[in-house]
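Peer 1: Questions regarding the structure given below will be posed in turn.
Derivation of every value follows stated rules applied to the coordinates shown; laboratory data play no part. Computed from a predicted model, the values in this text were never measured in an experiment. FYI the Cβ positions are ideal-geometry reconstructions off the backbone, even for glycines, and counts take in every protein chain you see.
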Amino acid sequence: MWNSQPTDAATHEAAVRLAVQCRRIVQTCLREEEWIEADRQFYQVIREGLERFRNGGGGCTSGTP
């Protein structure tokens with residue numbers, strides 16, 4: 001599910017930058033038309049993690065480090 005709630009500019013910029021870096025790691029396994037969706041999915045996970053960290057939530061919710 002896409003998070004449409006606004007976030008601060010620094011969190012957004014960091015999440016975009018990290019999402020693109022993550023996608024580049026797996027890019028050779030993806031078709032070009034899948035790159036944007038991969039960016040979106042990485043962005044969502046990274047942004048949620050950054051917001052949890054910023055709000056003192058730390059840790060991961062999946063049970064894996």
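Peer 1: Quick one: 3J(HN,Hα) in Hz for the stretch 42-49, Karplus 6.51/-1.76/1.60 with θ = phi - 60°, rounded, Gly and Pro as x.
Peer 2: Going residue by residue, I get 4, 4, 4, 5, 5, 4, 4, x Hz, with x marking Gly and Pro.
Peer 1: What does the charge add up to near Arg47, with Lys and Arg as +1, Asp and Glu as -1, over the other residues with Cβ less than 14 Å from its Cβ?
Peer 2: Local net charge: -1.
Peer 1: Which residue, Val45, Ala10, Leu30, has the largest displacement toward the positive end of the dipole of the stretch 9-54 when charges sit on each Cβ (Lys, Arg +1; Asp, Glu -1)?
Peer 2: My answer, from the dipole projection, is Ala10.
Peer 1: Could you tally the net charge around Leu30, taking each other residue with its Cβ under 11 Å from the Cβ of Leu30, Lys/Arg +1 and Asp/Glu -1?
Peer 2: Surrounding charge for Leu30 is -2.
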